[in-house]
Amino acid sequence: CTPTTLVAKGVSGTPAFSSDGKYVSFAGGYVSVAGGAVHRVASPQLVWSPARTMLAYATRDGAIDLLIPGRRPRQIVAQSVGAGTPSFSPNGKTLVFPGRGRALYAVSVTGGTPRLLAGVAGPAQPMPFGFSPDGRYFLFHVAEGASLASDGMPLVAVSLATGKETTI
(Lines give C-alpha, C1' and ligand atoms only; values in the text may rest on other atoms or scores of the structure.)
Protein backbone atom coordinates (compact mmCIF):
# COMPACT_ATOMS: atom_id res chain seq x y z
CA CYS A 1 0.00 0.00 0.00
CA THR A 2 1.50 3.31 -1.09
CA PRO A 3 0.14 6.46 0.57
CA THR A 4 -0.99 9.23 -1.77
CA THR A 5 -1.29 12.88 -0.73
CA LEU A 6 -4.54 14.24 -2.15
CA VAL A 7 -4.32 17.74 -0.66
CA ALA A 8 -0.94 19.15 0.36
CA LYS A 9 -2.25 21.77 2.81
CA GLY A 10 -5.29 23.69 3.98
CA VAL A 11 -7.43 20.73 5.06
CA SER A 12 -9.35 20.75 8.32
CA GLY A 13 -12.32 18.95 9.75
CA THR A 14 -13.11 15.28 9.47
CA PRO A 15 -12.64 13.84 5.97
CA ALA A 16 -15.47 11.74 4.52
CA PHE A 17 -15.79 9.54 1.44
CA SER A 18 -18.61 9.90 -1.08
CA SER A 19 -20.98 6.92 -1.30
CA ASP A 20 -19.19 5.62 -4.40
CA GLY A 21 -15.73 6.13 -2.85
CA LYS A 22 -14.55 8.40 -5.70
CA TYR A 23 -14.31 11.64 -3.69
CA VAL A 24 -13.21 12.81 -0.26
CA SER A 25 -14.68 15.90 1.38
CA PHE A 26 -13.29 18.00 4.22
CA ALA A 27 -14.22 21.32 5.81
CA GLY A 28 -14.48 23.69 2.87
CA GLY A 29 -13.89 21.42 -0.10
CA TYR A 30 -13.55 18.06 -1.83
CA VAL A 31 -11.13 16.24 -4.10
CA SER A 32 -11.15 13.13 -6.29
CA VAL A 33 -9.37 10.13 -4.77
CA ALA A 34 -7.61 9.85 -8.14
CA GLY A 35 -5.99 13.23 -7.38
CA GLY A 36 -6.27 16.45 -9.31
CA ALA A 37 -7.76 19.82 -8.48
CA VAL A 38 -9.10 20.60 -5.04
CA HIS A 39 -12.61 22.02 -5.27
CA ARG A 40 -13.26 24.63 -2.57
CA VAL A 41 -16.77 25.16 -1.22
CA ALA A 42 -17.67 28.14 0.96
CA SER A 43 -19.04 26.06 3.82
CA PRO A 44 -17.30 24.57 6.85
CA GLN A 45 -19.37 21.38 6.87
CA LEU A 46 -20.17 19.27 3.81
CA VAL A 47 -22.44 16.22 3.98
CA TRP A 48 -22.46 13.38 1.43
CA SER A 49 -25.67 11.72 0.33
CA PRO A 50 -25.68 8.03 1.29
CA ALA A 51 -27.45 7.18 -1.97
CA ARG A 52 -25.46 9.03 -4.65
CA THR A 53 -22.42 11.21 -5.19
CA MET A 54 -23.91 14.51 -4.05
CA LEU A 55 -22.96 16.98 -1.32
CA ALA A 56 -25.33 19.14 0.71
CA TYR A 57 -24.28 22.13 2.77
CA ALA A 58 -25.57 25.26 4.43
CA THR A 59 -24.16 28.42 2.91
CA ARG A 60 -22.86 31.24 5.07
CA ASP A 61 -26.02 33.24 4.35
CA GLY A 62 -28.35 30.42 5.52
CA ALA A 63 -29.37 28.75 2.25
CA ILE A 64 -28.88 25.05 1.43
CA ASP A 65 -27.07 24.05 -1.73
CA LEU A 66 -26.64 20.66 -3.39
CA LEU A 67 -23.51 19.93 -5.36
CA ILE A 68 -22.71 17.05 -7.68
CA PRO A 69 -18.94 16.97 -8.25
CA GLY A 70 -18.02 18.61 -11.54
CA ARG A 71 -21.23 20.65 -11.68
CA ARG A 72 -22.34 24.01 -10.34
CA PRO A 73 -24.12 24.08 -6.95
CA ARG A 74 -27.93 24.23 -6.98
CA GLN A 75 -29.79 26.08 -4.24
CA ILE A 76 -32.74 24.08 -2.88
CA VAL A 77 -33.53 26.16 0.22
CA ALA A 78 -33.52 29.96 0.20
CA GLN A 79 -31.41 31.92 2.65
CA SER A 80 -34.52 33.33 4.36
CA VAL A 81 -34.86 30.03 6.24
CA GLY A 82 -31.55 30.56 8.05
CA ALA A 83 -30.52 26.94 7.53
CA GLY A 84 -27.84 25.11 9.49
CA THR A 85 -25.97 21.95 8.48
CA PRO A 86 -28.35 19.46 6.83
CA SER A 87 -28.64 15.70 7.32
CA PHE A 88 -29.55 13.27 4.52
CA SER A 89 -32.17 10.60 5.02
CA PRO A 90 -30.83 7.04 4.53
CA ASN A 91 -32.33 6.87 1.02
CA GLY A 92 -30.85 10.28 0.12
CA LYS A 93 -34.22 11.77 -0.88
CA THR A 94 -34.83 14.10 2.08
CA LEU A 95 -32.78 16.65 4.01
CA VAL A 96 -33.52 17.74 7.57
CA PHE A 97 -31.89 20.91 8.88
CA PRO A 98 -32.15 23.39 11.75
CA GLY A 99 -33.53 26.78 10.78
CA ARG A 100 -34.96 30.04 12.08
CA GLY A 101 -37.32 29.99 15.00
CA ARG A 102 -35.60 27.17 16.89
CA ALA A 103 -37.07 24.64 14.49
CA LEU A 104 -36.19 21.66 12.32
CA TYR A 105 -37.31 21.55 8.71
CA ALA A 106 -37.49 18.81 6.08
CA VAL A 107 -37.19 19.29 2.32
CA SER A 108 -36.90 17.01 -0.70
CA VAL A 109 -33.54 17.03 -2.50
CA THR A 110 -35.51 17.96 -5.61
CA GLY A 111 -36.43 21.25 -3.89
CA GLY A 112 -39.71 22.75 -2.83
CA THR A 113 -40.93 24.51 0.27
CA PRO A 114 -39.29 23.33 3.49
CA ARG A 115 -41.79 21.70 5.85
CA LEU A 116 -41.71 22.47 9.56
CA LEU A 117 -40.85 19.19 11.23
CA ALA A 118 -40.41 20.17 14.87
CA GLY A 119 -40.16 23.32 16.94
CA VAL A 120 -38.56 23.85 20.30
CA ALA A 121 -40.14 26.21 22.85
CA GLY A 122 -38.35 28.84 24.90
CA PRO A 123 -34.64 29.54 24.60
CA ALA A 124 -33.78 25.91 23.76
CA GLN A 125 -32.24 24.99 20.42
CA PRO A 126 -32.71 21.74 18.47
CA MET A 127 -29.39 20.02 17.91
CA PRO A 128 -29.73 17.55 15.02
CA PHE A 129 -28.50 14.05 15.70
CA GLY A 130 -29.52 11.93 12.70
CA PHE A 131 -32.04 9.62 11.07
CA SER A 132 -33.22 6.23 12.21
CA PRO A 133 -31.85 3.48 9.91
CA ASP A 134 -35.25 3.14 8.19
CA GLY A 135 -35.54 6.91 7.66
CA ARG A 136 -38.91 7.16 9.42
CA TYR A 137 -37.66 9.20 12.37
CA PHE A 138 -35.24 12.03 12.90
CA LEU A 139 -33.48 12.30 16.26
CA PHE A 140 -32.42 15.54 17.90
CA HIS A 141 -31.22 16.83 21.25
CA VAL A 142 -32.85 19.79 22.96
CA ALA A 143 -30.06 22.09 24.15
CA GLU A 144 -31.14 24.48 26.87
CA GLY A 145 -27.79 25.55 28.27
CA ALA A 146 -24.29 24.52 29.26
CA SER A 147 -25.30 22.93 32.58
CA LEU A 148 -27.94 20.78 30.90
CA ALA A 149 -25.42 19.72 28.26
CA SER A 150 -23.11 18.42 30.99
CA ASP A 151 -26.02 16.68 32.79
CA GLY A 152 -27.49 15.20 29.63
CA MET A 153 -29.94 16.62 27.11
CA PRO A 154 -33.36 15.26 26.19
CA LEU A 155 -33.29 13.15 23.01
CA VAL A 156 -36.38 13.49 20.85
CA ALA A 157 -37.52 11.33 17.90
CA VAL A 158 -39.86 13.03 15.44
CA SER A 159 -41.81 11.06 12.83
CA LEU A 160 -41.25 12.39 9.32
CA ALA A 161 -44.71 11.15 8.32
CA THR A 162 -46.79 12.60 11.17
CA GLY A 163 -44.57 15.12 12.99
CA LYS A 164 -45.31 13.36 16.28
CA GLU A 165 -42.48 13.85 18.77
CA THR A 166 -41.43 11.25 21.33
CA THR A 167 -38.89 12.01 24.06
CA ILE A 168 -36.59 9.03 24.46
What does the C-alpha gyration tensor say about the overall shape of the range 1-58? Classify as rounded when a/c is under 1.5, otherwise prolate if a/b is larger than b/c, or oblate. oblate
Full extension between I68 and V33 adds, at 0.36 nm per residue less the Cα distance, a length in nm of 11.1 nm
Would you kindly calculate the translational diffusion coefficient of the chain, applying Stokes-Einstein with the Kirkwood radius from alpha carbon pairs, for 20 °C and a viscosity of 1.002 mPa s, and quote it in µm² s⁻¹ without decimals? 127 µm²/s
Charges at C-beta only: +1 for Lys and Arg, -1 for Asp and Glu. How large is the resulting dipole of the range 10-168 about its Cα centre, in Debye rounded to 20? 540 debye
Surface accessible to a 1.4 Å probe, D134 within the full protein complex, Å²: 90 Å²
For the chain, set up a Gaussian network in which alpha carbons nearer than 10 Å are linked by springs, and say which option among A106, A63, A16 fluctuates the most. A16
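Is the shape of the range 33-127 best called rounded, prolate or oblate, per the rule: a/c under 1.5 gives rounded, else a/b larger than b/c gives prolate, else oblate, with a ≥ b ≥ c the square roots of the Cα gyration tensor eigenvalues?
prolate
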Rounded to the nearest 500, what is the chain's calculated 222 nm mean residue ellipticity when only DSSP H runs of at least 4 contribute -39500 (n - 2.57) each, over all residues? -1000 deg cm²/dmol
If I build a Gaussian network model for the chain, linking alpha-carbon pairs within less than 10 angstrom, which residue out of M153, M127, M54 has the largest mean-square fluctuation? M153
Report, ordered by chain and residue number, the lysines lying within cross-link reach of K22, taken as a straight Cα distance under 25 Å and ignoring same-chain residues fewer than 8 apart. K9, K93
Checking S49, S132, S89 against a Gaussian network model of the chain (alpha-carbon springs below 10 Å), the top fluctuating residue turns out to be S132
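The values are calculated or read from the model by the stated rules, or taken from the named source; none is laboratory data. Since the model is a prediction, treat every value here as computed from it, not as a measurement. When we count neighbours, we look across all protein chains shown, and the Cβ atoms used for this are built from the backbone with ideal geometry, even at glycine. Side chains included, ligands, DNA and RNA excluded: accessible areas come from the protein's heavy atoms. Shrake-Rupley method; radii C 1.70, N 1.55, O 1.52, S 1.80 Å.
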